[in-house]
Amino acid sequence: MKRNVFDKLTAFLTDLEGRQISYTLSHNREEAIMVNVAAPGERWEIEFLEDGSIEVERFISNGEVHNEEILRDLLARYRSKDDHIDSPMEIVSAA
């Protein structure tokens, strides 16, 4: 990682900490470090790339809160043909 992007990353993390904004770091792409930020009603994915660029993806909540029944619907999108989970509690315990 080039020094310039490292400076950008550390300055950004210092800024988040100064504002008491929660974040985690992850490494999903070989050439990038991702900062996952949890802000009220939003989630940000900020990637600091080796070439010095920064990519930002922002996810905004509409404020709607669901109960556990939605887990079945959400996970059904990715269910394999052999998966026979029927109740939300089975989904939670299988995770």
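The values are calculated or read from the model by the stated rules, or taken from the named source; none is laboratory data. These numbers were taken from a predicted model, which means no experiment stands behind them. Cβ coordinates were reconstructed from backbone atoms using ideal geometry, including for glycine residues, and neighbour counts include every protein chain displayed.
Quick rundown of the values:
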item	result
Pairs, first outside the structural domain of Arg43 (by TED's automatic domain parsing) in region 58-77, second surrounded by 10 or more Cβ atoms within 10 Å (Cβ to Cβ) and of a type in the set (S, T, N, Q), C-beta under 9 Å, six or more apart	Arg72/Ser87
All positions within region 45-63 that are of a type in the set (D, E, K, R) and either more than 14 Å from the chain's Cα centre (by Cα) or exposed (fewer than 12 other Cβ atoms within 10 Å of the Cβ) (or both)	Glu50, Asp51, Glu57, Arg58
Pairs, first assigned to a helix (DSSP H, G or I) in region 10-26, second surrounded by 14 or more Cβ atoms within 10 Å (Cβ to Cβ), C-beta under 6 Å, six or more apart	Leu16/Tyr23
